[in-house]
Amino acid sequence: KLAMEFPSEDIFLMTTSPVIKAITNFKQVSKTLEEFDVEEQPSSLLEKRYPNIKVIQSGVKQLKSDEHKIFTEDGKEYMYEKLCLCAGAKPKLIFEGNPYVLGIRDTDSAQAFQKNLAQSERIVVVGNGGIALELVYEIHGCEVIWAIKDKAIGNTFFDAGAAEFLIPKLTAEKRETPIECKRTKYTMEGSEEKERRGAASDKPGSALGPDWHEGLCLKGTKEFSHKVHIETLCEVKKIYLQQEFIQLQRTSLTFPKEEKNVEPDEVLWPVYVELTNGKIYGCDFIVSATGVVPNVKPFLDGNYFAVGEDGGLNVDKHMRTSLPDIYAAGDICTASWEPSPVWHQMRLWTQARQMGWYAAKCMVADTLGESIDMDFSFELFAHVTKFFNYKVVVLGKYNAQGLGLDHELMLRCTKGQEYVKVVMQNGRMMGAVLIGETDLEETFENLILNQMDLSAYGEDLLNPDIDIEDYFD
């Protein structure tokens, strides 16, 4: 966006990675819903397309905001007129520095995970967001103990009802063929591959795309397809390495079988996890999929940024941080404007793309001294994704976020086919979860946006025999 608006200005893109993430197959599904693939491409492609962009492959060592200077790890310094920080977030690991704990955030960590899984018989997955959900569903040939702190799976996106709807898919032996993914992959080869391996592993790469597990063979050593046991309402209390575990003479459990009481495990495992519910399981390794923290560390030293409660850089409604000429977008920032009643921030690819695009528009407007309206994408929270091979659309306050007890839920569910939930407040639709091919997203998007009083329709709003679209054309 910046390169198009200012063709004669030099634009530097600083990144630790030899590849950049590009949005491809972009499709505007409705006013606020969009679908796209995220593809890794060599940075030379971007430079070819926009001759005024120069990609600098180096991490940022220091920012001196009062001097308008950036110092990179390769010892160079760059002056800037305007700067946008889009350094994303890092995985929030349950235990730092333990070789048996793996975080999944970027392509490198996904590949490391695949390698480890190929030699594993049992793993423990900790976390309940999108990555944990996808992971548990995609893994076969390996026992999975899934520890979640909530009552139900997928708490970030769903309520208990939606979780119940999805759970049969986890235990189904026969896997259906996945919906075809049209994303082409750019993979590292030759010297770049070596370069990437040589890069410090604690450097966060860019976040995984929405269909990150495609093309990864997520298979363990066993012949069965799916074995998942869920431990709810618990967190990891302690991790023991094998030696320590033997010395302490603790007892670990076998993989639970429904018909029997859980028995002590005779097998020796490389690592053991003690949960807050008192149970101990041995495993080959632990996946920490417990969300992310904004990657602000390289920029804070010596700069007085206003920082949000979640650790992100506060930005106003023009994506400006508290320091002059510095903007931020994506996972690194915290939206500190007064949001629309049906929008909230969530660290997702869709919002990162919208924020990046809007931040560029704001930088252009500020430079030219023009005024700019808030982007329409911040009117309504809208996200489309795929879980367990179902299409999933979440709109507005889909989990009644911030509505207190003053709301009611309406549900429609056809087992194995669709799950529809709407959140109503004073007769107005505030949010919705749509799982399966419901074709209701556009209608519901409009009903949430225009805040029409729907009291008169009552339960008919979700009556499958009534074509609701016809009502509100």
Quick one: how many residues across segment 123-148 are open to solvent by 10 Å² or more (accessible area, probe 1.4 Å) and more than 18 Å from the chain's Cα centre (by Cα)?
2
Within segment 95-108, is there a residue that is modelled with pLDDT of 85 or more, surrounded by 15 or more Cβ atoms within 10 Å (Cβ to Cβ) and assigned to a loop (DSSP other than H, G, I, E, B)?
yes
Among (1) surrounded by fewer than 23 Cβ atoms within 10 Å (Cβ to Cβ); (2) in a strand (DSSP E or B), there is one condition Asn155 misses while meeting the rest; what is its number?
(2)
If Leu233 satisfies every condition in (1) more than 16 Å from Ile286 (Cα to Cα); (2) at pLDDT 85 or above; (3) out of contact with any Asp or Glu (no Cβ under 8 Å at 6 or more places or on another chain); (4) surrounded by 12 or more Cβ atoms within 10 Å (Cβ to Cβ) but one, which is the exception?
(3)
Residues of segment 372-388 satisfying the condition of being of a type outside the set (Val, Ile, Thr), in contact with a helix residue (DSSP H, G or I) (Cβ under 7 Å, 6 or more places away or on another chain) and either outside any loop (DSSP other than H, G, I, E, B) or open to solvent by 10 Å² or more (accessible area, probe 1.4 Å) (or both)
Asp375, Ser377, Glu379, Ala382, His383, Phe387
Can you say whether Thr290 is open to solvent by 30 Å² or more (accessible area, probe 1.4 Å), of a type in the set (Val, Ile, Thr) and within 27 Å of Ala432 (Cα to Cα), as far as the supplied structure shows?
yes
With respect to the numbered conditions (1) within 30 Å of Glu9 (Cβ to Cβ); (2) in contact with a strand residue (DSSP E or B) (Cβ under 8 Å, 6 or more places away or on another chain); (3) modelled with pLDDT of 90 or more, which one is the sole condition not fulfilled by Val124?
(1)
From the set of residues in segment 310-323 that are assigned to a loop (DSSP other than H, G, I, E, B) and open to solvent by 20 Å² or more (accessible area, probe 1.4 Å), which is farthest from Thr367 (Cα to Cα)?
Asp310
Residue count, segment 21-80 (criterion: in contact with a Leu (Cβ under 8 Å, 6 or more places away or on another chain), β-branched (Val, Ile, Thr) and modelled with pLDDT of 85 or more):
4
Out of segment 397-451, which residues are modelled with pLDDT of 90 or more, of a type in the set (D, E, K, R), open to solvent by 20 Å² or more (accessible area, probe 1.4 Å) and more than 15 Å from Leu33 (Cβ to Cβ)?
Lys397, Glu418, Arg428
Any residue at all in segment 56-65 that is open to solvent by less than 40 Å² (accessible area, probe 1.4 Å) and among the polar types (S, T, N, Q)?
yes
Taking into account only those residues within segment 338-365 that are in contact with a His (Cβ under 7 Å, 6 or more places away or on another chain) and in a helix (DSSP H, G or I), which is surrounded by the fewest Cβ atoms within 10 Å (Cβ to Cβ)?
Thr350
Per the filter on segment 243-293, residues touching a Lys or Arg at 6+ places or on another chain (Cβ under 7 Å), outside any strand (DSSP E or B) and acidic (Asp, Glu) are Asp284
Hey, does segment 47-66 have a residue that's more than 26 Å from Thr334 (Cα to Cα), among the acidic types (Asp, Glu) and touching a residue at least 12 places away in the same chain (Cβ under 8 Å)?
no
Would you confirm whether or not segment 129-140 contains a residue that is touching a helix residue (DSSP H, G or I) at 6+ places or on another chain (Cβ under 7 Å) and closer than 19 Å to Ser17 by Cα?
no
Qualifying residues in segment 337-359 (those that are modelled with pLDDT of 90 or more and among the aromatic types (Phe, Trp, Tyr)) - the one nearest to Leu380 (Cα to Cα)
Trp343
From Val307, Val267, residue being β-branched (Val, Ile, Thr), surrounded by fewer than 18 Cβ atoms within 10 Å (Cβ to Cβ) and under 25 Å from the mean Cα position of the chain (by Cα):
Val307
Cβ pairs under 9 Å, 6+ apart or interchain, first in segment 356-378 and over 19 Å from Thr334 (Cβ atoms) and among the hydroxyl-bearing types (Ser, Thr, Tyr), second in a loop (DSSP other than H, G, I, E, B) and open to solvent by less than 60 Å² (accessible area, probe 1.4 Å), ordered by first then second residue, are Thr367/Phe6
Looking only at segment 77-91, decide whether some residue is without any contact (Cβ under 8 Å) to a residue 12 or more places away in the chain and either part of a helix (DSSP H, G or I) or out of contact with any His (no Cβ under 8 Å at 6 or more places or on another chain) (or both).
yes
Selection from segment 1-55 of residues that are open to solvent by less than 60 Å² (accessible area, probe 1.4 Å) and part of a helix (DSSP H, G or I)
Leu2, Ala3, Ser43, Ser44, Leu46
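The values are calculated or read from the model by the stated rules, or taken from the named source; none is laboratory data. Quantities reported herein were computed from a predicted structural model and do not represent experimental measurements. We place every Cβ from the backbone using ideal geometry, glycine too, and count neighbours over all the protein chains shown. In case anyone asks, the SASA skips ligands and DNA or RNA and just uses the protein heavy atoms, side chains included. Shrake-Rupley method; radii C 1.70, N 1.55, O 1.52, S 1.80 Å.
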